[in-house]
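Data first, discussion second: the structure below is written as structure tokens.
The values are calculated or read from the model by the stated rules, or taken from the named source; none is laboratory data. Computed from a predicted model, the values in this text were never measured in an experiment. Don't worry about glycine lacking a Cβ; one is built from the backbone with ideal geometry, like all the others, and counts go over all protein chains shown. What goes into the accessible areas is simple: the full protein's heavy atoms, side chains included, and nothing from ligands, DNA or RNA. Shrake-Rupley method; radii C 1.70, N 1.55, O 1.52, S 1.80 Å.
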Amino acid sequence: MAVKLNLSKKNFSEWWDKIVFYADLIEERFPLKGAYVWKPYGFAALKLMLKIIEKLLDETGHKETYFPIFVPASLFAKEKEFLKGFGGEVLRVTKAGHHVLDEELIVRPTSETIMYPMFALWIRSWRDLPIKIYQIVPVFRWETKMTKAMFRVREIVRFKEAHTVHATAEEARAQTEEGLQIYSKFFTELKIPFLIIKTPIWETFPGAEYNYDFITVMPDGKVLELGSVINLGQKFAKVFDIKFKDVDGKEKYVWQTCYGISERSLGAALALHGDDKGLIFASKIAPVQVIIVPILKGGNSENEKILAKVKELKENLSKNFRVECDLSDASPGEKFYHWEAKGVPIRIEVGEKELKSKEYLVALRDSGRKEKVAEKDLSSKISTFLEEIDSNLYKNAEKFVKEAIHSFTNTKNAKEELKKKKGIVKLPWCGETDCGKQMEIEVDAGALGYNEKEHATGKCAKCGKPAKWYLMFGKTY
Ligand SMILES: [Zn+2]
């Protein structure tokens, strides 16, 4: 336990590798690149995060389902753009034992081509619509670039994909809006500041009409895509022949949407919130919200009383919070260090003095602030402290992300800024694909998208025509 981590968030990549390992979130030594073992502490956090999204989806009428992990290669290849988009990183199964399979199987990288043939069987009339389903499953994308726990992996352990089917284009548009609202609530609960951007047409999800991405900026200045909300229009409906008989008796193709998030969201929260001491968990995803540490100094009889009190407090507080006590042999200082690194938001110290006064020293993980709290007030105070920590985590992260976004009027300055500090640069843009693609080359970074609601003033940084929006650029994970 007396390990010193020497963490510095300035070197984010090293900080991340050290802390996910030390805090026991993830085991990175599994002998397969891009596949990670989730340890109980990390998996508990992941489950808490998924609970939030499940609740939001259930409340809005989405039903949970399960579809198979394999899809015959011919079915996968039906939508040509989709095949092009994912083709390079899909795993193909060709054998069962020594026997060569009659048809190659694709391991799902996402489930459009697995679910939609079933939709074609299920949907007959307008009465069968809408369909709003989701599943939370592993998906596989064989990354060739460097992998990083939670951020770039080959096995995405928990991919939440929602898929919806509608009778009209208008309903699909409205559903896209609902998807945006659900994710906005989700990331707000995780205390992650985000931008919603519309993806430029040449970067749109394969097979989609248009899509929105939720993005944020990581401590190293790289941009992280947190999730996407996609309006598929009728493209897949036509490929998979998903039709229904409408109220007017006519056969029509359906309209579809889909939206996904993954364990990346947890990674984003932890990366944005942590500091040089280690992780800091926002309250909703903290596997342990309160750690109680006994301060044992006195004689044996005193120690026993302290330990009894620690257990009593744990029992009482567990009614409202996720609580642990550290009864190990380590010194109080070592215990503080350890639980701070693991990101537990609240620490309660119980020693001889506290036992007598019935007032306990409560420490807040983010600011390090300590406050004496009477035993009877502990529960209500902890609630207040957790809210305070959550609010500070969000405010600090929001400040960081805001300061990482810079506006320019020409590509040269934008390129220099990105080279120096990364982050996001914005350039006024006329909306034309040619200009956008040319700007990508000149800025030397991919176009992320634009905020539809933020109309630009001035001229397009490329062609000089009146600008419509600000196109954003950044280096991504
Ligand atoms: Zn232009």
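Summary table
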item	result
Surface per residue (accessible, 1.4 Å probe) for the stretch 290-381, Å²	50
Of 51/78; 145/412; 55/395; 47/453; 160/426; 63/235, those spanning more than 32 Å from alpha-carbon to alpha-carbon	51/78; 47/453
Fraction of accessible area attributable to carbon and sulfur, the stretch 290-381 (%, probe 1.4 Å)	49
Angle in degrees between helix 169-189 and the longest Cα principal axis of the chain, rounded to the nearest 10	20
Tilt relative to the chain, helix 112-122 - C-alpha long axis, 0 to 90 degrees, to 10	70
Nearest-ten-degree value, helix 12-22 long axis tilted from longest Cα axis of the chain	60
Per principal axis, descending, Cα span of the stretch 1-105 in whole Å	57, 42, 29
17 Å Cα-Cα reach of residue 376 towards lysines, excluding residues that sit fewer than 8 places from it in its own chain	309, 311, 314, 319, 353, 356, 358
Residue order for 202, 122, 16 - accessible surface, 1.4 angstrom probe, largest first	122, 202, 16
The stretch 12-273, accessible area per residue, ligands and nucleic acids excluded (1.4 Å, Å²)	41
Relative contact order of the stretch 405-474, defined on C-alpha pairs under 8 angstrom at six or more residues apart (%)	38
Residue (of 331, 368, 318) at the positive-pole extreme of the stretch 308-368, dipole from beta-carbon charges	318
Cα-based equivalent ellipsoid, the stretch 290-381: semi-axes from gyration tensor eigenvalues, Å	18, 16, 12
Solution diffusion estimate, µm²/s, Stokes-Einstein, the stretch 405-474, Kirkwood Rh from C-alpha pairs, 37 °C, viscosity 0.692 mPa s	288
Counting DSSP beta bridges with both ends in the chain, the antiparallel % (nearest 5)	80
Electrostatic dipole magnitude of the chain [Cβ: Lys, Arg +1; Asp, Glu -1; Cα centre; debye, to 20]	660
Peptides ranked, highest mean first, by Cβ atoms within 10 Å: ranges 354-366, 313-325, 241-253	354-366, 313-325, 241-253
Rg(Cα)/(2.2 N^0.38 Å) for the chain, N = residue count	1.11
Separation between Cα centres of the stretch 299-315 and the stretch 231-295, rounded to whole Å	44
Shape category assigned to the stretch 12-273 from the gyration tensor of Cα positions, a/c cut at 1.5	oblate
Share of carbon and sulfur in the accessible heavy-atom surface of the stretch 147-258 [1.4 Å probe, %]	47
Accessible carbon and sulfur surface of the stretch 1-127 relative to its total accessible area, %, 1.4 Å	59
Distance between the stretch 134-188 and the stretch 358-407 - C-alpha centres, whole angstrom	30
Surface accessible to a 1.4 Å probe, residue 69 within the full protein complex, Å²	50
The stretch 4-34-the stretch 422-456 distance, computed between alpha-carbon centres (Å)	34
Kirkwood Rh and Cα Rg combined as Rg over Rh, evaluated for the stretch 143-208	1.01
Relative packing of 468-476, 299-307, which averages over residues the other C-beta atoms within 10 Å, highest first	468-476, 299-307
Calculated [θ] (222 nm, deg cm²/dmol) that DSSP helices of n ≥ 4 give over the chain, each run adding -39,500 (n - 2.57)	-11500 deg cm²/dmol
Relative contact order %, the chain, counting alpha carbon pairs below 8 Å whose residues are six or more apart	14
